[in-house]
Amino acid sequence: MSVAALLAAVSVPVAVGTPAGAATPGGAAALAGAVTPAGAAARPAWALKATGTDARFRGLAAVGRTTAWLAGSAGTVLRTTDGGRSWRNVSPPGAAAEGLEFRDVEAFDGRRAVVLAIGEGEASRVLRTEDGGATWTEAFRNTDARAFYDCMAFFDHRNGLAMSDPVDGKFRILSTADGGRSWRVLPDAGMPEALPGEAGFAASGQCLVTAGPRDAWLATGGGATGRVLHSADRGRTWRAATTTVPAGEGAKGVFGLAFRDRGYGAARGLAVGGDYRKDRTSPLAASVTADGGRSWSAAPVPPAAYRSGVAWLPYGAYGAYRSAGPQGKDTALAVGPTGTDITYDAGRTWQPLDAGSFDTVDCAGPGACWAAGEKGRAARLE
């Protein structure tokens, strides 16, 4: 069973209810005892937004402060255009009946989005909408029983990639050049050999990420080491680097990535992960890079537990962020089932921010950071 299949096995689809129309007031406050950088304003906190469903949302696309998309279990896709006060159920017809598990969504605006369903063989699919989810078109259906697609990412409104667990010893890459309307498998000549047992984690939609017009990174686990592979040519050739996040078992490795400052030689990156099993500890749950992923070092003070999602905060988005770090560009969030952590120094030290459960996090601009997870949980950072 692949790493992604293990995650699928522990995420049981649940019934979908009618989306609620009102947001849940407030939200969990920051944990006491954490230190905010000198001169910083009050720390940000999650404000929960009622979704009216118990689906688990591992797919999240933040479009802006008012618009976001969620994709999750039982074929569920939700969209808000009013900051989470109400959510419209825009799930593709038949997705729940077929048991589709959506684990990633990439949205270009409030009307155009692409969702990825995971699973072995034909369970892995890509669907696309151009009318806010009123109608959906199937753009890709995997017909290779050996493939299991985990994550998807776009460079711009036209060019994007999706990744599968290794087939014939190498990770498989899908490519689109028309906004997700059509996809093709790229040649694997430029892909390094996968390690024994190595695969991706379909946990947060962040095992494949992009920065700039050509750079992409994919995260791995299950092998002897947790690795990050980088491509500077939109997925045609890749170079692998070892991180400090422990692997060696099917439930351990790098789960989520975030990069900024495009360009392989300069891009700063964050890798989070650990062991997703509840009875296991994750003492080295984060790794950092300052050279685009060529080399990785352990976070001296990592999150205290497994984390599946990570995102840089947009510059100037929140008072605490504007005042923190060189030019205020070093703040990021990491989320997982046991809480949210924040860093003000580009991932070197992390401190608890919130104890609520989330699987994924995404930021689209000032005031537009969202998180989502189990039991229909969704929130916006305030």
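The values are calculated or read from the model by the stated rules, or taken from the named source; none is laboratory data. Just so you know, these numbers come straight off a predicted model, no measurement behind them. All Cβ positions, glycine included, derive from the backbone under ideal geometry; neighbour counts span all protein chains shown.
Is it the case that some residue within the stretch 253-264 is crowded, with 24+ Cβ neighbours inside 10 Å and of a type in the set (V, I, T)? Scanning the stretch 253-264 turns up at least one residue that is crowded, with 24+ Cβ neighbours inside 10 Å and of a type in the set (V, I, T). Restricting attention to the stretch 137-187, and to residues there that are of a type in the set (S, T, Y) and touching a Lys or Arg at 6+ places or on another chain (Cβ under 9 Å), which single residue is surrounded by the fewest Cβ atoms within 10 Å (Cβ to Cβ)? Residue satisfying both the conditions and the ranking: T137.
The test for being surrounded by fewer than 24 Cβ atoms within 10 Å (Cβ to Cβ), over 20 Å from L381 (Cβ atoms) and either at pLDDT below 95 or of a type in the set (S, T, Y) (or both) does not hold for A30.
Residues in the stretch 328-345 that are over 18 Å from the mean Cα position of the chain (by Cα) and assigned to a loop (DSSP other than H, G, I, E, B): K329, D330, Y344, D345. Restricting attention to the stretch 54-71 and to residues that are over 22 Å from D354 (Cα atoms) and either of a type in the set (A, V, I, L, M, F, W, C) or touching a Leu at 6+ places or on another chain (Cβ under 8 Å) (or both), the residue that is surrounded by the most Cβ atoms within 10 Å (Cβ to Cβ) turns out to be A71. Given the criteria under 18 Å from A240 (Cα atoms), over 18 Å from the mean Cα position of the chain (by Cα), charged (D, E, K, R) and not in a strand (DSSP E or B), does D188 qualify? Answer is yes for this residue. Screening G200, G253 for residues that are on the phi > 0 side of the Ramachandran plot, modelled with pLDDT of 95 or more and touching a Ser or Thr at 6+ places or on another chain (Cβ under 8 Å) leaves exactly one candidate, G253.
Among the residues of the stretch 61-95, those identified as under 17 Å from R128 (Cβ atoms) and hydrophobic (A, V, I, L, M, F, W, C) are A61, V63, W69, L70, A71, V77, L78, V90, A95. Restricting attention to the stretch 225-239, the residues being over 20 Å from the mean Cα position of the chain (by Cα) and assigned to a strand (DSSP E or B) number 2.
This table checks each residue for (1) within 21 Å of D233 (Cβ to Cβ); (2) in a loop (DSSP other than H, G, I, E, B); (3) among the β-branched types (V, I, T); (4) at pLDDT 95 or above.
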position: D144; (1), (2), (3), (4): no, yes, no, yes
position: C151; (1), (2), (3), (4): yes, no, no, yes
position: D156; (1), (2), (3), (4): yes, yes, no, yes
position: A162; (1), (2), (3), (4): yes, no, no, yes
position: D165; (1), (2), (3), (4): no, no, no, yes
position: L174; (1), (2), (3), (4): yes, no, no, yes
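Condition (residue is basic (K, R), farther than 18 Å from R112 by Cα and at pLDDT 95 or above) applied to the stretch 78-92: is it met by at least one residue? Yes, the stretch 78-92 contains a residue that is basic (K, R), farther than 18 Å from R112 by Cα and at pLDDT 95 or above.
Would you kindly identify the strands (runs of 3 or more DSSP E) lying entirely within the stretch 53-126 that contain at least 1 residues that are among the acidic types (D, E), touching a Ser or Thr at 6+ places or on another chain (Cβ under 9 Å) and touching a residue at least 12 places away in the same chain (Cβ under 8 Å)?
101-107
Please verify whether S124 is of a type outside the set (A, V, I, L, M, F, W, C) and either surrounded by fewer than 23 Cβ atoms within 10 Å (Cβ to Cβ) or over 18 Å from the mean Cα position of the chain (by Cα) (or both), treating the condition exactly as stated. Against the criterion (of a type outside the set (A, V, I, L, M, F, W, C) and either surrounded by fewer than 23 Cβ atoms within 10 Å (Cβ to Cβ) or over 18 Å from the mean Cα position of the chain (by Cα) (or both)), S124 does not qualify.
Checked against the criterion of being surrounded by 24 or more Cβ atoms within 10 Å (Cβ to Cβ), polar (S, T, N, Q), at pLDDT 95 or above and within 19 Å of the chain's Cα centre (by Cα), the stretch 346-357 contains not a single residue that satisfies it.
With respect to the stated conditions, G248 is free of Cβ contacts under 8 Å to residues at least 40 places away in the same chain, in a loop (DSSP other than H, G, I, E, B) and surrounded by fewer than 18 Cβ atoms within 10 Å (Cβ to Cβ). Could you count how many residues in the stretch 218-249 are among the β-branched types (V, I, T) and over 18 Å from Y306 (Cβ atoms)? The total comes to 2. Looking only at residues in the stretch 259-289 that are at pLDDT 95 or above and of a type in the set (G, A, S), the one that is nearest to R234 (Cα to Cα) is G269. Beta carbons closer than 9 Å, at least 6 apart along the sequence or on distinct chains, pair a first residue in the stretch 302-329 that is over 22 Å from V209 (Cα atoms) with a second that is modelled with pLDDT under 85 and β-branched (V, I, T) for A320/T36; S323/T36; A324/T36. For the residues R236, R260, the requirement of being among the charged types (D, E, K, R) and farther than 21 Å from F171 by Cα singles out R260.
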